[in-house]
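**Student:** Below is a structure I'd like to ask you about.
Any read-out appearing in this document is the output of simple, stated calculations on the displayed coordinates, not a laboratory observation. Worth saying up front: this structure is predicted, and the values here are computed from it rather than measured. As a convention, Cβ positions derive from the backbone with ideal geometry for all residues, glycine included, and neighbour counts pool all protein chains shown.
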């Protein structure tokens, strides 16, 4: 089952609606370019009575030998050896039913796999990962399919006193007698002073019944204003199934609409594509209006018939910051084979790129920045997107299709270096995008 990055309309102190954003693919995450990421299927599936798995160990599952580690984005993972032209990662929640723990010396394996040197915050080898899953204080908060993820509240208090808050997911990485530390799995929409992958923490004393827990950077205390803001999310720990995508549908039927009038769970709505993704403009019966993000087509969304649109006298709606698009399903680039395995798991429009000030076709400078680009339109020549995070946050970037075949190799420092020889199997390849 795929990870579900839910959307939920949030109202800030300014009266503006917000929505949860899908997770942004990180450079150090398992979903890097050139990697095959799969779940726990077949012999990798857990037993009927699932067991915790120790990190920093070598295991054998069927014919595959893998090293168990903690990935910053995906959590508990196993990297299958040996590496080929495509790194194979297994996302795990529990120990595979048929897993055998190997003695590295007897199996001719290193005690610690060399690749984990690039992954910070690894637990000591032999640590049982996920002991917090059975903690009574977290019952009802953890995702049923991803038992290390829970809803949290993050926010920022601006100089004028207004408060911005969002409701993302936190992937737990460790817990002790004081509280828990985890990785932020979503890139905030607004400038909250934090980004996807940030280490955030909460104390057990911060938990409040039926309220998502407020989290702050490690070492800080939850301020009173954030604790009060969290109370606005009473009952938001679970989502209405009608607001979620139907993952059983073919991918082309899950694409969200744009430029159309629709009915969303009994509420009239206009679908629109903006630079920050597909949205619904909701017109409630009480006369209020707000925005709601939709990464994929929700189950409770129904296209309005033409005769109903005419009867109601509805016209196309002009929305500020809307991207010009043909009415109908949007975001067809998600199904384009040229972008296969490049787009993020949680944020299906985002990919890793090397951002260059040089015009497309020229050799970029060696200090090219690596960043995340969120696509908002594509044509026969390429795709246009907006940079998410970093020093170029909010700038447009142009990615020609030809750039996908003219990738450059990333050095260990995350900078672009020119290389004529083939890349090593574990070396991410990224396309160059021109900043606009």
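**Student:** Whole Å is fine, so just give me how far the alpha carbon centre of region 168-231 lies from that of region 245-291.
**Tutor:** Spelled out, the Cα-based centre of one part sits 29 Å from the other.
**Student:** Then there is this: Any idea what the relative contact order of region 116-168 is, in percent, if you count C-alpha pairs under 8 Å spaced at least 6 apart? Could you put the intermediate results ahead of the total?
**Tutor:** On the way: 36 pairs, mean separation 10.5, N = 53.
Result for region 116-168 is 20 percent.
**Student:** Using the number of other C-beta atoms within 10 angstrom as an exposure proxy, rank 202, 264 with the fewest first. Don't skip to the end; give the middle numbers.
**Tutor:** Numbers: 202 23, 264 19.
Fewest-to-most ranking of 202, 264: 264, 202.
**Student:** Order these peptides, 165-173, 279-287, by their mean beta-carbon neighbour count within 10 angstrom, highest first.
**Tutor:** The packing order, highest mean first, is 165-173, 279-287.
**Student:** List the relative contact order of region 136-233 as a percent without decimals, with contacts defined as Cα pairs under 8 Å and 6+ residues apart.
**Tutor:** 21 percent
**Student:** Rank these for me by crowding, 57, 127, going from fewest to most other beta carbons within 10 Å.
**Tutor:** Details: 57 21, 127 17.
Fewest-to-most Cβ neighbours within 10 Å comes out as 127, 57.
**Student:** Could you calculate, for region 136-233, the ratio of the Cα radius of gyration to the Kirkwood radius, expressed as Rg to Rh?
**Tutor:** 0.93
**Student:** For the ranges 49-56, 318-325, what's the packing order if you count other beta-carbon atoms within 10 Å of each residue, average per peptide, and put the highest first?
**Tutor:** The densest-packed peptide leads the list: 49-56, 318-325.
**Student:** Can you sort 275, 315 by how many other beta carbons sit within 10 Å, fewest first?
**Tutor:** 315, 275
**Student:** If you don't mind, there's one more thing I want to ask. By the gyration tensor of its Cα atoms, with a ≥ b ≥ c the square roots of the eigenvalues, what is the shape of region 35-119: rounded for a/c under 1.5, prolate for a/b over b/c, or oblate? Let's see the in-between values first.
**Tutor:** On the way: a/c = 1.43, a/b = 1.18, b/c = 1.22.
It is rounded, given that a/c, with a ≥ b ≥ c, falls under 1.5.
**Student:** With a point put 7 Å past each Cα toward its Cβ, work out how far residue 137 is from residue 112 in nm, to one decimal.
**Tutor:** 2.9 nm
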